[in-house]
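Working notes, structure below.
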Amino acid sequence: MKSISFDRLVDVVAMLRSENGCPWDLAQTHESLKTDLIEEAYELIEAIDANVPDKICDELGDLLMQVMLHSQIATDQNDFSVDDVIGNLTEKLIRRHPHVFGEAVAKDESEVLKNWEEIKRSEDGNKDRKSSLDGIPNSLPSLQRAEKIQKKASRVGFDWNQTEDVLPKLQEEIVEIEESIRNNEITEIEMEIGDLLFSVVNLCRFLNVQPEEALRKSNRKFVDRFQRMETKLERTSKTFKDYDLSGLDQIWEQVKQQEKA
């Protein structure tokens, strides 16, 4: 049974999509909302990174609004309703967790994931999947998609045995990049850099590091240091153009040292 607050949310969204509602909401389609959906997900991630509960709560609401809008659009088109969305999800969770709701046994996380994949492939909507790598969205960020590809390949036994096996592959890819640069062939360079990134994702996976998260933190760290460089230069009425790379590198190192102080 839905709570009163959820019933009210359903009614509010339906009103927004009605003829007497909001022109913007009424104009939206599944297609038009795709970018908003992605943006809301990333705003939630930023709130989680900031570890501010009120902000996380607010962003979860914004993400839920996307689900509600898509569901209402489908309702308006007589495709499905939000009740169908919730019902399908509930049944799926029960079906894919037989070790919780049934008699199956899963000793650890890897066994849970293996069973999950087997159950998923047996479902009506997924019976056309022939490859173990089917079902990975092409629209995922490339680092995240590479990680999912590797994890699925690993579940059928195609994987390195230990972290130490991955490191030589990284060194091999760097050598191949150097060779492609000497050949001055842009297509080859691009491919070899891609192979290096794929190998880095492999290393992250073995070290239990999320590559997307690691890169996001490095991006944030660079932006923070760069902005502090800008502040430092402003205080001396200087700009980047007043220094050569060596001078800028010295300022960069000073900024880094301040982090340790």
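The values are calculated or read from the model by the stated rules, or taken from the named source; none is laboratory data. What you see is a predicted model; the values in this text were computed from it and never measured. Positions of Cβ are backbone-derived with ideal geometry, glycine not excepted, and every protein chain shown enters the neighbour counts.
Brief remarks on what is shown
- Each residue in the stretch 33-65 was checked for being assigned to a loop (DSSP other than H, G, I, E, B) and either touching a strand residue (DSSP E or B) at 6+ places or on another chain (Cβ under 9 Å) or surrounded by 11 or more Cβ atoms within 10 Å (Cβ to Cβ) (or both), and 2 of them qualify.
- Selection from the stretch 227-248 of residues that are over 38 Å from the mean Cα position of the chain (by Cα), assigned to a helix (DSSP H, G or I) and either of a type in the set (A, V, I, L, M) or farther than 20 Å from E259 by Cα (or both): D242
- Among the residues of the stretch 39-86, the ones that are in contact with a Leu (Cβ under 6 Å, 6 or more places away or on another chain) and of a type in the set (D, E, K, R) come to 2 in all.
- Complete set of residues in the stretch 130-144 that are surrounded by 14 or more Cβ atoms within 10 Å (Cβ to Cβ) and over 23 Å from the mean Cα position of the chain (by Cα): none
- Among the criteria (1) under 25 Å from E213 (Cβ atoms); (2) modelled with pLDDT of 95 or more, the one E172 does not fulfil is (1).
- Residue within the stretch 159-173 that is under 21 Å from L196 (Cβ atoms), surrounded by 14 or more Cβ atoms within 10 Å (Cβ to Cβ) and in contact with a Pro (Cβ under 9 Å, 6 or more places away or on another chain) present: no
- Qualifying residue in the stretch 227-245 (condition: modelled with pLDDT under 95 and within 25 Å of K148 (Cα to Cα)): no
- Selection from the stretch 80-132 of residues that are under 24 Å from L69 (Cα atoms) and part of a loop (DSSP other than H, G, I, E, B): F80, S81
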